[in-house]
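Okay, structure first, notes after.
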Amino acid sequence: MATLVTGGAGYIGSHTAVALHESGREVVLLDNFSNSCAEAVDAIRALTTSGMAFVKADLRDRDALDSVFDSHEITEVIHFAAFKAVGESVEKPLDYYDNNLGSTIGLARAMVDHGVESLVFSSSCTVYGQPDVIPVTESAPTGAESPYGWTKYMSEQILRDACAALPLNTILLRYFNPVGAHESGTIGEDPNGIPNNLVPFVMQVAVGRLEKLRVFGSDYNTPDGTAIRDYIHVVDLAEGHVAALEALAGGLSGCNAVNLGTGVGSTVLEVVAAASDAVGHHIPSEIVDRRAGDIEKIWADPAHATEMLGWTSSRDIHDMMRDHWNWQRSNPNGYKS
Ligand code: NAD
Ligand code: WQD
């Protein structure tokens, strides 16, 4: 019996592969390296077992997918594989719809054809936009503001319809803002080019690859004027996936949306202060205009994850910054160092 992890060489997939191995599962990783590399697979194997199976394939390739299901006894799937850059999705909408929806539909079809019923899907708090009520619960209205966001919204709907009609049970995990790295510092987030996300940007400033952080907006209605997000340690997130698979194995059926967040919001300036503490020196920054499309504040109500999955986060913003810095300082140029 094995767990198929699509996008398994990526940031969240690599940490989840380690957590799955620690839970005693056999893992099959699948990735096309469109946003990752073979070095990540080597690093996962070094932390787990040199025998962890890896298949280099595009998830939209049905023959490749059939061969994975035929050659391994897959009983459950975690589906991470997707393009994820909001700005790029505005420039290349068809690439995003093709990759993210094509992958999800092709995978769900293959699962049904091969009699595999348990699926955990990577969704995002982006489906909430700016919620009226914070902390946000899973029953809040959903929508999208970018092609990327629409691919998550549409994938959720596709899976909801598929679960209603077919022998398929799904947990839609709505991640808040994953940061941090495995405590070993040997796997972590390795963005291509200049990072869009706050913490990878801050860490590249800290290591000297970038000159200074631009803080997008200081006139929000928050205690220090900067925007609030719910940052979650990637290892907590990984453990949430193991808990989700266990809930499905325990008989949870249908299609269930679950927030994976900490329930704690941090401002941009609070993140920069925690990062400075972890790094041990000041991180240069300047306040600039708001970034188009940004919301003011969001954090999760994680109660449903605790009730449904028996999961709760255990690492705080200082743990996140310590571990992200440990990865960045050990690998200043990511996996290619
Ligand atoms: P990532 O880019 O590091 O990992 C995704 C992996 O999928 C990459 O290794 C990439 O090469 C692979 N991939 C993409 N398309 C593929 C295809 N067609 N076939 C095979 N492999 C393919 O991203 P991540 O941060 O690990 O995110 C994982 C998932 O979580 C994504 O679905 C993303 O949308 C979602 N998510 C991420 C965040 C975040 O901030 N990182 C937040 C919410 C949701
Ligand atoms: C966090 C805060 C920025 C960079 C994005 C996606 C979302 C989800 C997670 C996948 C914001 C501020 C950032 C910088 C800054 N991904 N910031 N200077 O925007 O909450 O969410 O990633 O599903 O879909 O939109 O995350 O890390 O980009 O920004 O001041 O250089 O940091 O304005 O307030 P975001 P982020």
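The values are calculated or read from the model by the stated rules, or taken from the named source; none is laboratory data. Worth saying up front: this structure is predicted, and the values here are computed from it rather than measured. FYI the Cβ positions are ideal-geometry reconstructions off the backbone, even for glycines, and counts take in every protein chain you see. Surface areas here come from the heavy atoms of the whole protein model, side chains and all, with no ligands, DNA or RNA. Shrake-Rupley method; radii C 1.70, N 1.55, O 1.52, S 1.80 Å.
For this structure, a couple of remarks:
- When only Cα pairs below 8 angstrom with a gap of at least 6 residues are kept, the chain shows a relative contact order of 20 percent.
- Evaluated over the chain, the Cα radius of gyration and Dmax, each in Å: 19.0, 56
- About its Cα centre, the range 257-337 has a charge dipole of approximately 340 debye under the convention of +1 per Lys or Arg Cβ and -1 per Asp or Glu Cβ, with nothing else charged.
- With 27 Å as the limit, the listed pairs Lys152/Lys336; Lys56/Lys297; Lys212/Lys297; Lys56/Lys152 have Lys152/Lys336; Lys56/Lys297 beyond it between alpha carbons.
- For the pair the range 87-101 and the range 268-337, the centres of their Cα atoms are 26 angstrom apart.
- Partnerless cysteines, meaning none of the other Cys C-beta atoms lie under 4.7 Å away, in the chain: Cys37, Cys125
- At 1.567 mPa s and 4 °C, Stokes diffusion of the range 153-310 via Kirkwood alpha-carbon radius, µm² per second: 73 µm²/s
- Surface share of carbon and sulfur [accessible, 1.4 angstrom probe, percent] for the range 71-113: 54 percent
- The overall shape of the range 30-127 is oblate: from the C-alpha gyration tensor, with semi-axes ordered a ≥ b ≥ c, the ratio a/c is 1.5 or greater and a/b is no larger than b/c.
- What the chain shows is 42 Å² of accessible area per residue, with the surface traced by a 1.4 Å probe over protein heavy atoms.
- Farthest towards the positive end of the charge dipole of the chain, among the residues Val77, His304, Gly293, is the Cα of Gly293, using unit charges on the Cβ of Lys, Arg, Asp and Glu.
- For the range 200-337, the carbon plus sulfur part of the accessible surface works out to 47%, probe radius 1.4 Å.
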